[in-house]
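Asks: The structure follows.
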Amino acid sequence: MDNKILDQLRHSCAHLLAAAVLDIYPQAKITLGPAIKNGFYYDIDFEDEKISPSDLKKIEEKMKQIVKTWTGFKKIEVSEKEAKKIFKDNPYKLELIDEIVSRKEKITLYQSGDFIDLCRGGHIEKPNENIKYFKLLSIAGAYWRGNEKNKMLTRIYGTAFFSKEDLDNYLKKYEEAKKIDHKKLGLQLGIYLLAPEVGSGLLLWAPDGAFIRRKIEELIYKEQEKRGYLHVYTPHIGKKSLWQTSGHWDLYRDKMYSPMNIDEEEYLIKPMNCPFHMMIYKSTPRSYRDLPLRIAEIATVYRYEKAGELSGMLRVRHITQDDSHIFCQEEKVIDEFLGVFEYMEYLLKIFGIKKYYLRLGLRSPKEKYLGNNEIWIKAEKEIVKAIEKRGLKYIRSEGDAAFYGPKLDVIIEDALGREWQCGTIQVDFMLPQRFNLEYVDKNNQIKRPVLLHRAPLGSLERWVAILIEHYKGAFPLWLAPKQVEILPISEKYNDHAKKIDNLLKENGLRSMVNSENETLGKKIRNATLKKIPYLIIIGEKEVEKNKIAVRTRKGEDLGQLEIN
RNA sequence: GCCGAUGUAGUUUAGUGGUAAAACAAACCCUUGGUAAGGGUUAGAGUGCGGGUUCGAUUCCCGCCGUCGGCUCCA
């Protein structure tokens, strides 16, 4: 199915939604209603009326009734004056009309049945025939024009398809996806937990989650050592003045926790590791022979996230980054950037993550940044040169830069199709200047290094959340906290099972015996639900032949294997 | 933070204006079993917290807290 036609169906369905809402709630002011990735929405100002999910049914019914009279979409071109007359009671549409006029575009209206909407077009031809399989899904708040200073509107989400089968499939897929949601699976598998007594967004890594994290950390240390990184440890707090030098205090303060007083001086909990790594760079005079200097640390940083933004392990208030700051000569930035990128690709491959995209985060006029225009353009150029050297595809995104420089991010979808920023590489000409970092080049000239900030996985909290969903809880052998569970068929074989268990442990396998007084079927069921990769069944036959019967978590029976 | 929903044993859920029901998990007993749930017994919550309405609230109302779906924001 052509996505464009599906979008047209969904956008048409959004018109229908608006028409039904106006029919039931005449005081409502409709605003915008686009097609989106998996459906459509319409943002509506219901004024004092409260809309809840229980109202969706009757809106759907009204839509079904109205669509019968919609034989097509009629395009009408109008003057500014006419448009403003038609929408005189709708301040949102009036605002849109002004914008269209200021862009010197034509004002187009589309009429279907009795309903007229300001719209640039893109509808299906026969709504009464094609809009049949749709469903309103949820209600949410959304700020007018996406700006939190504006009024919050009511957003109604829905989806539509050309066939009942496609619609049912989509709804079914969505239900399936909810089952592998890391928030649910992560708790079930004992990976993490959230205790209200601890505080919002502060997660506790349960033993199996901690195990997985440790394995990932081991991988990081091993791979980074190979690539010339030097690992350090730095404190979780530091003097406020340090953060004033770095610019965090001015531009990142709303993400930082309140200062604490120690010996009559103010200290802050770190939201980033940068300043500490700067100090390590500065601790001794540097020569070009020392560069690139790659200071790395797996470190937890603390950031204030708004309560409503928190989400399981994906969005928390303390994040553990696989962080590093690379100090290099300006002429080596592209090489370093590509080196980091190759490492990032290597990690994605190891974890089997194939579905992701790259986003180039640039400044937007709305936000505040450090430094001047020239230096930003230079940094952006370096990134683009590096990306193009490798021929990578990426999207440009204004407003996604760090406050000290542009960056390239890896964006990965979670089970429910939401996008999350994971790995990141950032080019920074700013902090070396603010911290007055220097090195001596081969002509004995003092030069300033360029800084790359990079975290190829992003944060371990988010990364493990992504992995839980990616593997559907069935972690690969190297990450699985328990690799083998030994199931004696009856208590008579417990001793023999224990011997096998010891043998496996001696050989470096993570095994355990389930000696519960339960049936084999039940033990298999429980171990399979825990996603344990291999089950070993021990009964009379195995003891006699000194063999083991092996079954996988997928249900394959590998038969009887020799022990040696 | 904002909009909406929601909060009942460890977990998943039921239920009612008259002081809570079940399954799974747990403990114990019987059973000693061959590839996704064997049977029984027992214990376990006063219904997120604080107010209010009421003779009486888990149920209705208000506030707070947590969680979920969005918005904004972000690793």
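Asks: If a residue has to be of a type in the set (D, E, K, R), near RNA strand B (Cβ under 10 Å from one of its atoms) and assigned to a helix (DSSP H, G or I) to count, how many in segment A:179-209 make the cut?
Replies: Total meeting the criteria: 2.
Asks: Looking at the structure I just gave you, is A:Tyr534 crowded, with 19+ Cβ neighbours inside 10 Å, more than 26 Å from A:Asp208 (Cβ to Cβ) and more than 7 Å from RNA strand B (Cβ to nearest atom)?
Replies: no
Asks: Within segment A:114-151, how many residues are among the hydroxyl-bearing types (Ser, Thr, Tyr) and out of contact with any Phe, Trp or Tyr (no Cβ under 6 Å at 6 or more places or on another chain)? Please lay out each step first, then the result.
Replies: Going residue by residue through segment A:114-151, those that are among the hydroxyl-bearing types (Ser, Thr, Tyr) are A:133, A:138, A:143.
Filter once more, keeping what is out of contact with any Phe, Trp or Tyr (no Cβ under 6 Å at 6 or more places or on another chain): A:143.
Total satisfying the criteria: 1.
Asks: Give the number of residues within segment A:247-288 that are in contact (Cβ under 8 Å) with a residue 40 or more places away in the chain and basic (Lys, Arg).
Replies: Looking only at that region, the number is 3.
Every residue, every condition in (1) touching a helix residue (DSSP H, G or I) at 6+ places or on another chain (Cβ under 7 Å); (2) surrounded by fewer than 18 Cβ atoms within 10 Å (Cβ to Cβ), yes or no:
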{"position": "A:Tyr404", "(1), (2)": "yes, no"}
{"position": "A:Leu408", "(1), (2)": "yes, no"}
{"position": "A:Ala415", "(1), (2)": "yes, no"}
{"position": "A:Phe429", "(1), (2)": "yes, no"}
{"position": "A:Pro432", "(1), (2)": "no, no"}
{"position": "A:Phe435", "(1), (2)": "yes, no"}
{"position": "A:Glu438", "(1), (2)": "no, yes"}
{"position": "A:Leu451", "(1), (2)": "yes, no"}
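Asks: Now a separate question. Just one of A:Tyr25, A:Tyr41 is modelled with pLDDT under 95 and among the hydroxyl-bearing types (Ser, Thr, Tyr); which is it?
Replies: Being modelled with pLDDT under 95 and among the hydroxyl-bearing types (Ser, Thr, Tyr) holds for just one of A:Tyr25, A:Tyr41, which is A:Tyr25.
Asks: Continuing with the same structure: Could you run through segment A:35-48 and say how many residues are within 10 Å of RNA strand B (Cβ to nearest atom), farther than 13 Å from A:Tyr157 by Cβ and in contact with a helix residue (DSSP H, G or I) (Cβ under 9 Å, 6 or more places away or on another chain)?
Replies: The number of residues fulfilling the criteria is 1.
Asks: If you don't mind, there's one more thing I want to ask. I'm told A:Val427 meets every condition in (1) outside any strand (DSSP E or B); (2) farther than 17 Å from A:Ile319 by Cβ except one. Can you identify the failing condition by its number?
Replies: (1)
Asks: Are any residues in segment A:505-531 near RNA strand B (Cβ under 8 Å from one of its atoms) and assigned to a loop (DSSP other than H, G, I, E, B), and if so, which ones?
Replies: A:Glu516, A:Asn517, A:Glu518, A:Thr519
Asks: What is the number of the single condition among (1) within 25 Å of A:Phe337 (Cα to Cα); (2) not in a helix (DSSP H, G or I); (3) not aliphatic (A, V, I, L, M) that A:Gly417 does not meet?
Replies: In the conditions (1) within 25 Å of A:Phe337 (Cα to Cα); (2) not in a helix (DSSP H, G or I); (3) not aliphatic (A, V, I, L, M), A:Gly417 misses (1) alone.
Asks: Examine segment A:542-549 for a residue that is among the basic types (Lys, Arg), assigned to a helix (DSSP H, G or I) and near RNA strand B (Cβ under 8 Å from one of its atoms), and state whether such a residue exists. Quick ask: steps written out before the conclusion?
Replies: The initial filter retains those residues of segment A:542-549 that are among the basic types (Lys, Arg), namely A:545, A:547.
After this cut, where a residue has to be assigned to a helix (DSSP H, G or I) as well, the list is A:545.
From what's left, near RNA strand B (Cβ under 8 Å from one of its atoms): none.
No; the residues of segment A:542-549 include none that is among the basic types (Lys, Arg), assigned to a helix (DSSP H, G or I) and near RNA strand B (Cβ under 8 Å from one of its atoms).
Asks: Among the candidates A:Gly423, A:Gly399, A:Gly391, single out the residue that is farther than 21 Å from A:Arg294 by Cβ, within 9 Å of RNA strand B (Cβ to nearest atom) and small (Gly, Ala, Ser).
Replies: After applying the criteria, what remains is A:Gly399.
Asks: If you don't mind, there's one more thing I want to ask. Which residue is surrounded by the fewest Cβ atoms within 10 Å (Cβ to Cβ), if the candidates are limited to segment A:338-355 and must be in contact with a strand residue (DSSP E or B) (Cβ under 7 Å, 6 or more places away or on another chain) and at pLDDT 95 or above? Please lay out each step first, then the result.
Replies: Pass one, segment A:338-355, residues in contact with a strand residue (DSSP E or B) (Cβ under 7 Å, 6 or more places away or on another chain): A:340-341, A:344, A:348, A:353, A:355.
Then keep just the ones that are at pLDDT 95 or above; that gives A:340-341, A:344, A:348, A:353.
Details: A:Val340: 24, A:Phe341: 22, A:Met344: 21, A:Leu348: 19, A:Ile353: 17.
Step by step, filter segment A:338-355, then rank; the result is A:Ile353.
The values are calculated or read from the model by the stated rules, or taken from the named source; none is laboratory data. In this text the structure is predicted, and so the values were computed from the model without any measurement. Backbone-built Cβ (ideal geometry, glycine too); neighbour counts: all protein chains shown.
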